[in-house]
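Undergrad: Here it is, the structure in full.
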Amino acid sequence: MTQPAHANPPRTLITDIQTLLPMTGSREQPGSAIQNAALLIEGGVIAWVGHAEAPPPEAEGAASIRLPGHLVLPGLVNTHHHLYQTLTRCLATDSGLFDWLKTLYPVWMRLTPEGAYLSAAVGLAELALSGCTTSSDHLYLYPNGVDLGDTIRAAADIGLRFHATRGSMSRGESQGGLPPDAAVEREAHILKDSERLVRQYHDASRHAMTRVALAPCSPFSVTADLMRESATLARSLGVMLHTHLAETEDEDAYCLATVGMRPLDYAESLGWVGKDVWFAHGVHFSPTDARRLGQCDCGVAHCPSSNMRLGSGIAPIRELLSQGVRVGLGVDGSASNDGSHLLAEVRQALLVSRLRRPQQHLKAWEALWLATRGGASVLNRDDIGQLAPGMSADLIGLDLNRLEYSGATHDPAAAVVLCAVRGVDFSMVNGRAVVQEGRLITLDLPPLLERHRAESRRMIRDEEGRPSSSFGRL
Ligand code: ZN
């Protein structure tokens, strides 16, 4: 392991919490909230949860953090992202997926190692301020010496728990794929680099801050061979598998035309089903697909904002849940959202579910459950997503006395989902404070943003070097 260790204070008592939602119940049955609550944290792990008036003897002498007027929840889990895309927001703003990708591939080919670090730090800062404490990332372009380790370094600096995925593209235009040939890598190199990264960074232990998964990008950008060999390698190394699947009707048509199967049938034919597999999107999973996914115990990352931005459709979340499919939320890449606001994604998940038939409605509680317990389950983690003794100390606090919650404090869980979306006031990951009083405390944002803006301007330029805009040339 090469990641830096986080210094955890030995013992911290978080106390005077107005309402604590431990999320220890089931998706159908909310667990009870605790009023005037407190938590004792030892070495990054929750040691005790209870009433603030009766702390355990071990709380004596612990460092104290008071959160009066706050709602405290488990930290949110983001199950799908492309952090590098924070450098290229608001491009191809009127395009569907395939045209959007074809516009962006040449811009993304200008990504550098410095850009990979800066983009990851910016995206993870946005995530932290919007309630995320664990994020996955899918990096599938490696031009100019970019390395997955650049993003892992950023996650360590921001202080979020991180599931990096070694993405890949190997099927260029000349082989019938969507990306330009210059954007794809040789398969032997992809597999060798994947193994190196798992050995260098993946931590399988409980409370791990860094894990690595393998993630060939999509049916239209990798070969069947790479999908098969990635699955074999991942299973030999004991890591998870991730890819995009059933995102658009174009993808359905592509799979039928090239391999004569719909996306899930194709994935299954390559060995890509099981508890170690999670798919991003799943917008076009059929009722039969949903049943199969449940039987195979696959996970799905639901990305409602991206699916609306690209006009991809509405994923059948209720059908998936009713078949026992594990579902979490994802903000998806910042070029198709175009933000990394995870609490906003919780609200979108709730609202878009209401556009499907009435019986497809998600409840506010369920939307929060997807973002916490659901996300933890999709990433195969039993140490995050709820606040109970033995769980990682990953939690967020929201000040219920703020303007937008006034009049809604009788139902704090509904308030954070339904009222105007804002960020969190407090967050802690692995026992270490990351956000305090609504501000990121682990990294100085203004100099980071200055470098990020400069890098973005360098990447987004037309052939004459002038910036382009949806309002015409600037
Ligand atoms: Zn994606």
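The values are calculated or read from the model by the stated rules, or taken from the named source; none is laboratory data. Worth saying up front: this structure is predicted, and the values here are computed from it rather than measured. Don't worry about glycine lacking a Cβ; one is built from the backbone with ideal geometry, like all the others, and counts go over all protein chains shown. Protein only, heavy atoms only, side chains kept; ligands, DNA and RNA dropped before computing areas. Shrake-Rupley method; radii C 1.70, N 1.55, O 1.52, S 1.80 Å.
Undergrad: Can you tell me which residue among Thr151, Thr223 is in contact (Cβ under 8 Å) with a residue 40 or more places away in the chain and closer than 30 Å to Ser130 by Cβ?
TA: On inspection, the qualifying residue turns out to be Thr151.
Undergrad: While we're looking at this one, here's another question. What are the residues in the range 342-357 that are closer than 21 Å to Leu83 by Cβ and either within 16 Å of the ligand (Cβ to nearest atom) or open to solvent by less than 10 Å² (accessible area, probe 1.4 Å) (or both), if any?
TA: Leu342, Leu343, Glu345, Val346, Gln348, Ala349
Undergrad: I would also like to ask the following. Consider Gly385 carefully, then state whether it is open to solvent by less than 10 Å² (accessible area, probe 1.4 Å) and within 16 Å of the ligand (Cβ to nearest atom).
TA: Working: open to solvent by less than 10 Å² (accessible area, probe 1.4 Å): yes; within 16 Å of the ligand (Cβ to nearest atom): no.
When the stated conditions are applied, Gly385 does not pass them.
Undergrad: What is the one condition in (1) open to solvent by less than 50 Å² (accessible area, probe 1.4 Å); (2) small (Gly, Ala, Ser); (3) more than 16 Å from the ligand (Cβ to nearest atom); (4) free of Cβ contacts under 8 Å to residues at least 60 places away in the same chain that Ala371 does not satisfy?
TA: If we test Ala371 against (1) open to solvent by less than 50 Å² (accessible area, probe 1.4 Å); (2) small (Gly, Ala, Ser); (3) more than 16 Å from the ligand (Cβ to nearest atom); (4) free of Cβ contacts under 8 Å to residues at least 60 places away in the same chain, just (4) comes out false.
Undergrad: Does at least one position in the range 170-178 carry a residue that is at pLDDT 95 or above and either within 16 Å of the ligand (Cβ to nearest atom) or open to solvent by less than 40 Å² (accessible area, probe 1.4 Å) (or both)?
TA: Looking for residues that are at pLDDT 95 or above and either within 16 Å of the ligand (Cβ to nearest atom) or open to solvent by less than 40 Å² (accessible area, probe 1.4 Å) (or both), one finds at least one in the range 170-178, hence yes.
Undergrad: Would you check if Ser336 is surrounded by 24 or more Cβ atoms within 10 Å (Cβ to Cβ), over 22 Å from Val277 (Cα atoms) and within 16 Å of the ligand (Cβ to nearest atom)?
TA: When the stated conditions are applied, Ser336 passes them.
Undergrad: Just to confirm my filter: which strands (runs of 3 or more DSSP E) fall fully inside the range 205-309 and include at least 2 residues that are within 16 Å of the ligand (Cβ to nearest atom) and in contact with a Pro (Cβ under 8 Å, 6 or more places away or on another chain)?
TA: Numbers: elements: 210-216, 241-245, 277-281, 299-302.
By residue number, 241-245.
Undergrad: Could you please let me know if Ala38 is aliphatic (A, V, I, L, M) and assigned to a loop (DSSP other than H, G, I, E, B)?
TA: Details: aliphatic (A, V, I, L, M): yes; assigned to a loop (DSSP other than H, G, I, E, B): no.
It is false that Ala38 is aliphatic (A, V, I, L, M) and assigned to a loop (DSSP other than H, G, I, E, B).
Undergrad: Could you please give the count of residues in the range 129-174 that are assigned to a loop (DSSP other than H, G, I, E, B) and among the hydroxyl-bearing types (Ser, Thr, Tyr)?
TA: Residues meeting the conditions: 4.
Undergrad: Then there is this: Do we find a residue being surrounded by 14 or more Cβ atoms within 10 Å (Cβ to Cβ) and assigned to a loop (DSSP other than H, G, I, E, B) anywhere in the range 11-19?
TA: Just the residues of the range 11-19 that are surrounded by 14 or more Cβ atoms within 10 Å (Cβ to Cβ), to begin with: 11-19.
Next cut, assigned to a loop (DSSP other than H, G, I, E, B) only: none.
So far as the range 11-19 goes, no, none of its residues is surrounded by 14 or more Cβ atoms within 10 Å (Cβ to Cβ) and assigned to a loop (DSSP other than H, G, I, E, B).
Undergrad: OK, next. Which residues, counting only those in the range 80-121, are among the β-branched types (Val, Ile, Thr), in contact with a Gly (Cβ under 9 Å, 6 or more places away or on another chain) and open to solvent by 10 Å² or more (accessible area, probe 1.4 Å)?
TA: Correct list: Thr112 only.
Undergrad: Kindly provide the set of residues from the range 269-282 that are open to solvent by 10 Å² or more (accessible area, probe 1.4 Å) and either under 17 Å from the mean Cα position of the chain (by Cα) or closer than 15 Å to Val378 by Cα (or both), ordered by number.
TA: Val273, Gly274, Lys275, Asp276
Undergrad: Please go through the range 66-90 and pick out each residue that is touching a helix residue (DSSP H, G or I) at 6+ places or on another chain (Cβ under 6 Å) and either away from the ligand (no atom under 15 Å from the Cβ) or aromatic (Phe, Trp, Tyr) (or both).
TA: Correct list: Leu71, Pro74, Leu76, Val77, Tyr84, Leu87.
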